[in-house]
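The values are calculated or read from the model by the stated rules, or taken from the named source; none is laboratory data. All values reported here derive from a predicted model rather than from experimental measurement. Because the Cβ atoms are built from the backbone with ideal geometry, glycine has one as well, and the counts that use them run over all protein chains shown. For the accessible areas, the whole protein counts, side chains as well, though only heavy atoms, and no ligand, DNA or RNA atoms are used. Shrake-Rupley method; radii C 1.70, N 1.55, O 1.52, S 1.80 Å.
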Amino acid sequence: MDPVRNPFAPGAGSQPPELAGRDDIIQAAEIAIQRVLIGRHQKSQILLGLRGTGKTVLLNKIEGLAESHRHITSFIEAPEGRPLADLLYPKIHQVLRKLSMVENAKAKAHQAMRALRSFAGAFKISVGDLSLSVDPEVGVADSGSLADDLSDLFVRVGETAKVAEQAWTIFIDEMQYLSEGDLSALIVSIHRVNQKQLPIMFFGAGLPQIAALAGDAKSYAERLFDFPPVGALDETAAIAAIRQPIVDEDESISDEALEEIVKQTEGYPYFLQEWGHQAWNVANHSPIDMNDVQEASVLALKRLDEGFFRVRFDRLTPKERDYVIAMASIGSRGPYRSSDVAETLGESIQSLGPRRAKIVHKGMIYSRAHGDIDFTVPMFADYLRRIAPVSDD
Ligand SMILES: Nc1ncnc2c1ncn2[C@@H]1O[C@H](COP(=O)(O)OP(=O)(O)OP(=O)(O)O)[C@@H](O)[C@H]1O
Ligand SMILES: [Mg+2]
């Protein structure tokens, strides 16, 4: 059918034509966003899920809701290895500039700018064009301990937002790339503003490994956040994700074809978009039928192998590739035991420890329970088995 009208949107962070199966998460977020404006206690959320399950899309959606409720928002995608202080500085600068436009918040904004200046000094942030013409405030946000200084700074921003009768909502995507110290400082700071009932909210997203926080950060995090799982869609939602966009274009799809797409994709959002996209293009006319979907499956898998899976595999070193291929050779579904992987590779678990840690750090695998590992990319083992066939002997 006409590729120009194709409604499906496979791609990282691409807004899907039908955001299916996420009503509960969206509703909880919208309530929290409204509560914070009237000074009521609210839990922030950290969305946890595998690759391609729709975390970024949800964060964008929630940002839109926050804006519609007149929150000032800051969206950060954590890149590997950048300190949080660097990422937050320009965002806080921008927020304070906005708040300083509000007449009765000017004095507070000025004070907060001074704290920001101290903070930039303490963390040697290269401020570029965003240097501040205010004097630093001695003794505020300048201790050099990120948890303390970020807390001071957040409190100042929160106080400013409060007198301006506004709220600030921070979004951080790919949270697993934050260092442990940055992550716990962030959590401690959010805890501080929460205790003081200041209007700052936080929404994060990342791979499931973030849940394995340590120490104080963990006990705070459990009280502060909900961790809604963002996984594969259930059957009803997966069907809606495919059928609704087609119907909206005045076209149709057979039940049998729909079932086949749900089966092939296991309801994973990225895969649903890819299958929907191919099935639409393959079909000559409505209804899209079983034959179309079978043809589309071959094309969709090829696209995933050359894109979604391939780019991730390419980020691994040859030794790391051996490791993940050994995982996949054990079976096409995880979790896998580290000891079994070690045995397959003929090495000790200890000697493989650093290699395993690097692959976790790259966000390719994660551990659900001690001694277990699994892929963060759905169906990645099947891909590896396609490119590095397993011998049966
Ligand atoms: N609820 C949904 N219904 C249908 N399609 C969806 C849904 N959520 C996301 N998608 C589609 O899935 C794909 C992946 O979405 P997104 O990039 O948000 O995933 P992600 O979890 O952020 O992945 P990654 O971990 O790789 O960053 C996009 O093509 C998007 O359109
Ligand atoms: Mg994402």
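No other residue among K108, K91 is more than 16 Å from ligand 1 (Cβ to nearest atom), touching an Asp or Glu at 6+ places or on another chain (Cβ under 7 Å) and either part of a helix (DSSP H, G or I) or over 30 Å from P245 (Cβ atoms) (or both) apart from K108.
Tell me which residues, restricted to segment 184-200, are in a loop (DSSP other than H, G, I, E, B) and open to solvent by 40 Å² or more (accessible area, probe 1.4 Å).
The first filter runs over segment 184-200 and keeps only residues in a loop (DSSP other than H, G, I, E, B), leaving 196-199.
Residues satisfying the conditions are K196, Q197.
The single residue among L19, L37 that is open to solvent by less than 50 Å² (accessible area, probe 1.4 Å) and either of a type outside the set (V, I, T) or out of contact with any helix residue (DSSP H, G or I) (no Cβ under 7 Å at 6 or more places or on another chain) (or both) turns out to be L19. Candidates in segment 51-85 are the residues that are assigned to a helix (DSSP H, G or I) and more than 13 Å from ligand 1 (Cβ to nearest atom); of these, the one that is most open to solvent (accessible area, probe 1.4 Å) is E67.
Of all the numbered requirements in (1) in contact (Cβ under 8 Å) with a residue 24 or more places away in the chain; (2) among the aliphatic types (A, V, I, L, M); (3) assigned to a helix (DSSP H, G or I), A20 misses one, and that requirement is (3). None of E18, E63, E30 is within 16 Å of ligand 2 (Cβ to nearest atom) and of a type in the set (D, E) except E63. Of all the residues in segment 301-340, those that are in contact (Cβ under 8 Å) with a residue 12 or more places away in the chain, among the acidic types (D, E) and open to solvent by 20 Å² or more (accessible area, probe 1.4 Å) number 2.
Screening K98, K124 for residues that are open to solvent by 10 Å² or more (accessible area, probe 1.4 Å) and either at pLDDT 90 or above or assigned to a helix (DSSP H, G or I) (or both) leaves exactly one candidate, K98.
Listed by first and then second residue, the pairs linking a residue in segment 201-213 that is open to solvent by 20 Å² or more (accessible area, probe 1.4 Å) to a residue that is small (G, A, S), with Cβ atoms under 6 Å apart and 6 or more places separating them unless they lie on different chains, are L213/A221.
Condition test on I46, is it under 24 Å from P208 (Cβ atoms), in contact (Cβ under 8 Å) with a residue 40 or more places away in the chain, within 14 Å of ligand 2 (Cβ to nearest atom) and in contact with a Gly (Cβ under 6 Å, 6 or more places away or on another chain)? Break it down stepwise before answering.
Details: under 24 Å from P208 (Cβ atoms): yes; in contact (Cβ under 8 Å) with a residue 40 or more places away in the chain: yes; within 14 Å of ligand 2 (Cβ to nearest atom): yes; in contact with a Gly (Cβ under 6 Å, 6 or more places away or on another chain): yes.
Yes: the conditions hold for I46.
Can you find a residue that is in contact with a Lys or Arg (Cβ under 6 Å, 6 or more places away or on another chain) and in a helix (DSSP H, G or I) anywhere in segment 325-341? Yes, segment 325-341 has at least one match. The sole residue among G158, G231, G144, G181 that is surrounded by fewer than 20 Cβ atoms within 10 Å (Cβ to Cβ), part of a helix (DSSP H, G or I) and not hydroxyl-bearing (S, T, Y) is G181.
Working only within segment 302-316, note down all residues that are among the aliphatic types (A, V, I, L, M) and touching a Phe, Trp or Tyr at 6+ places or on another chain (Cβ under 9 Å). First the steps, then the outcome.
The initial filter retains those residues of segment 302-316 that are among the aliphatic types (A, V, I, L, M), namely 304, 311, 316.
Across segment 302-316, the qualifying residues are L304, L316.
Do you know which residues across segment 342-377 are part of a strand (DSSP E or B) and either aliphatic (A, V, I, L, M) or more than 20 Å from G49 (Cβ to Cβ) (or both)? Full working, then the answer.
As a first pass, look at segment 342-377 and keep what is part of a strand (DSSP E or B): 365-366, 372-375.
Matches in segment 342-377: I365, I373.
For segment 2-17, a residue qualifies if it is more than 12 Å from ligand 1 (Cβ to nearest atom) and part of a loop (DSSP other than H, G, I, E, B), and the qualifying residues are D2, N6.
The C-beta contact set for segment 49-63 (first residue under 12 Å from A9 (Cβ atoms), second residue within 8 Å of ligand 2 (Cβ to nearest atom) and open to solvent by 20 Å² or more (accessible area, probe 1.4 Å), distance under 9 angstrom, 6+ apart or interchain) comprises V57/G13.
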